[in-house]
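**Student:** Structure provided below as structure tokens; questions to follow.
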Amino acid sequence: MEHLEFHRQTEERLLRYAAVTTQSKHGDGQWPTTDCQRDLAKLLYEELRALGVRAEYDEARCVVYGWLPAAHLDKDRPIALIAHLDTAPDVKGWDVKPWVLRAYPGGDIVLNESEGIVMAAADYPNLAQYIGQDLVLTDGTTLLGGDDKAAIAALMTLAQYFAEHPELPHRSICLAFTPDEEVGGLARDLDLELLGAAVGYTLDGDHLGWYQDQTFNAAEAFVTITGRSVHPATAKGIMINAADLAGEFLASLPEREKPQYSSGTEGFYYVTSVKADCEHAEIRLIVRDFDRAQFRTRQDMLLVYAGRINERLGEERVRVDIEQQYRNMGEILSQYPFLVADLEAAIRAAGLEPRSEPFRGGTDGSALSFRGLPCPNLSAGYENAHGRFEFVPVPSMAKNVEILLHLTER
Ligand SMILES: [Zn+2]
């Protein structure tokens, strides 16, 4: 019976939250990157209050906190559960019109009759797993924002359940809803002291029952090349063409160590932009690796490639600056093996087989783990995120509430 209640409540919530625009943007160092995220933050704060849950809304930083004190347990270890408010900037994220397809019968789904937008079952084989389920869909012109509002819907439903059932035992639960995950916010404005948890979980990611306890180590490199421009007619022995040097630098990157040739636990270099003329060139690239030592070597090699060019020229024309972005949370989480053990037990108790693979990206949990809140990531259960064919199976959200019930009663 519980399950039906979760089904109805998570669905109703996702429809409501998805309709609120919360798209973040790649910005200029301002946090939060967009004001609209506050619309959902305020809504969640008010809903928590209406449920009788102690809550706080840090409007300036756009972070919502909620606390459910421990009940009927001898021992307590406060647990943080964290989801993000924003949706990805990749596709249109405003004017979202979510709707529910009841008992998906299989086959293609017409998302938008008048514009002829169809999600073809042949293009999205993951649809076949959800035959017979209610699906929350888009109208084919925007993303859905199930990433990460499917998680918010599950967390708010969990809060409602415990608020309505004070007789049930559970640990102290510290909820947090944070902005700008999609644009590298790394939950920077989440106040861990105020949150008051010892350990936590982020809820983000696709496929129900999956979790991650490994992320990339990540850095961004800025290569600046200074040339010497003169008229080409009289350039002999004088001109130093920064564009040529940029080409030389790029050619020294190992050909197979690029995203298009990498998978699993393999790292890579990814050149994200090149701007070059004779006088000046700039290359931006990101460096990714799961292994800490290999990650360092990768960065050192960039200095070696630059050094070789400088040596040949007899002067420093190529400079490499490296900015650290985030680190593999596995380094921290390996010191807290019970976090993954508890999570796997909770997923099993909800009737699923836990599945995990190293996440070829970063999560807010990577940063939080290094700030002192060890934080694996549990899937939110959405599919096809960051696109117009995003959808959320309602039973996946309901199941996540069940997983969280098992997780918080331990
Ligand atoms: Zn997300």
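**Student:** Just checking, how many residues over the stretch 290-348 are outside any loop (DSSP other than H, G, I, E, B), more than 21 Å from Leu368 (Cα to Cα) and basic (Lys, Arg)?
**Tutor:** 6
**Student:** Please specify each residue of the stretch 384-408 satisfying the condition of being within 16 Å of the ligand (Cβ to nearest atom) and farther than 19 Å from Ala80 by Cα. I'd like the intermediate steps shown before the answer.
**Tutor:** Going residue by residue through the stretch 384-408, those that are within 16 Å of the ligand (Cβ to nearest atom) are 384-387, 390-392, 396-397, 400.
Across the stretch 384-408, the qualifying residues are Asn384, Ala385, His386, Gly387, Glu390, Phe391, Val392, Ser396.
**Student:** So, of the residues in the stretch 70-82 that are surrounded by 13 or more Cβ atoms within 10 Å (Cβ to Cβ) and either more than 16 Å from the ligand (Cβ to nearest atom) or closer than 13 Å to Thr22 by Cα (or both), which turns out to be modelled with the lowest pLDDT? First the steps, then the outcome.
**Tutor:** From the stretch 70-82, those surrounded by 13 or more Cβ atoms within 10 Å (Cβ to Cβ) are 70-71, 73, 76-82; that's our starting set.
Add one more test, that the residue is either more than 16 Å from the ligand (Cβ to nearest atom) or closer than 13 Å to Thr22 by Cα (or both), and what stays is 70-71, 73, 76-80.
Numbers: Ala70: 92, Ala71: 91, Leu73: 87, Asp76: 90, Arg77: 92, Pro78: 96, Ile79: 97, Ala80: 98.
Only one residue tops the list, namely Leu73.
**Student:** A follow-up question, please. If I filter the stretch 297-307 for residues that are in contact (Cβ under 8 Å) with a residue 40 or more places away in the chain and among the hydroxyl-bearing types (Ser, Thr, Tyr), do I get at least one hit?
**Tutor:** yes
**Student:** For the stretch 183-204, which residues satisfy the criterion of being in contact (Cβ under 8 Å) with a residue 60 or more places away in the chain and either under 13 Å from Ile173 (Cα atoms) or outside any loop (DSSP other than H, G, I, E, B) (or both)?
**Tutor:** Listed by number, the residues that qualify are Val183, Leu192, Leu194, Leu195, Gly196, Ala197, Ala198, Val199, Gly200, Tyr201, Thr202, Leu203.
**Student:** Condition (residue is touching a strand residue (DSSP E or B) at 6+ places or on another chain (Cβ under 8 Å), part of a loop (DSSP other than H, G, I, E, B) and within 16 Å of the ligand (Cβ to nearest atom)) applied to the stretch 215-232: is it met by at least one residue?
**Tutor:** yes
**Student:** Pick out the one residue from Gln30, Gln9 that is in the same structural domain as Tyr382 (by TED's automatic domain parsing), touching a helix residue (DSSP H, G or I) at 6+ places or on another chain (Cβ under 8 Å) and more than 21 Å from Thr142 (Cα to Cα).
**Tutor:** Details: Gln30 fails: touching a helix residue (DSSP H, G or I) at 6+ places or on another chain (Cβ under 8 Å).
From the options Gln30, Gln9, the qualifying one is Gln9.
**Student:** Please work out which residue is surrounded by the most Cβ atoms within 10 Å (Cβ to Cβ), limiting yourself to the stretch 361-370 and to residues that are out of contact with any Leu (no Cβ under 6 Å at 6 or more places or on another chain) and of a type outside the set (S, T, N, Q).
**Tutor:** Taking the stretch 361-370 as the starting set, the residues that turn out to be out of contact with any Leu (no Cβ under 6 Å at 6 or more places or on another chain) are 361-363, 365-366, 368-370.
Retained after the next criterion (residues that are of a type outside the set (S, T, N, Q)): 361-362, 365, 368, 370.
Working: Gly361: 13, Gly362: 21, Gly365: 30, Leu368: 26, Phe370: 17.
Applying the filter and picking the extreme gives Gly365.
**Student:** Working only within the stretch 199-233, note down all residues that are surrounded by fewer than 16 Cβ atoms within 10 Å (Cβ to Cβ) and hydrophobic (A, V, I, L, M, F, W, C).
**Tutor:** The answer is Phe222, Val230, Ala233.
**Student:** Can you confirm whether Leu378 is within 12 Å of the chain's Cα centre (by Cα) and either closer than 16 Å to Ile79 by Cβ or away from the ligand (no atom under 15 Å from the Cβ) (or both)? Walk me through it before giving the result.
**Tutor:** Values: within 12 Å of the chain's Cα centre (by Cα): yes; either closer than 16 Å to Ile79 by Cβ or away from the ligand (no atom under 15 Å from the Cβ) (or both): yes.
So Leu378 passes the test.
**Student:** Output the residues belonging to the stretch 161-181 that are within 27 Å of Glu59 (Cα to Cα), away from the ligand (no atom under 16 Å from the Cβ) and in contact with a Lys or Arg (Cβ under 9 Å, 6 or more places away or on another chain).
**Tutor:** The first filter runs over the stretch 161-181 and keeps only residues within 27 Å of Glu59 (Cα to Cα), leaving 161-163, 172-181.
Now narrow it down to the ones that are away from the ligand (no atom under 16 Å from the Cβ): 161-163, 172-175.
The one that is within 27 Å of Glu59 (Cα to Cα), away from the ligand (no atom under 16 Å from the Cβ) and in contact with a Lys or Arg (Cβ under 9 Å, 6 or more places away or on another chain): Ser172.
**Student:** So Asp90 passes all but one of these: (1) within 23 Å of His7 (Cβ to Cβ); (2) within 16 Å of the ligand (Cβ to nearest atom). Which condition number does it fail?
**Tutor:** Evaluating Asp90 over (1) within 23 Å of His7 (Cβ to Cβ); (2) within 16 Å of the ligand (Cβ to nearest atom) leaves (1) as the failure.
The values are calculated or read from the model by the stated rules, or taken from the named source; none is laboratory data. Everything numeric in this text was worked out from a predicted model, so none of it was measured. Cβ: placed from backbone, ideal geometry, glycine included. Neighbour counts: every protein chain shown.
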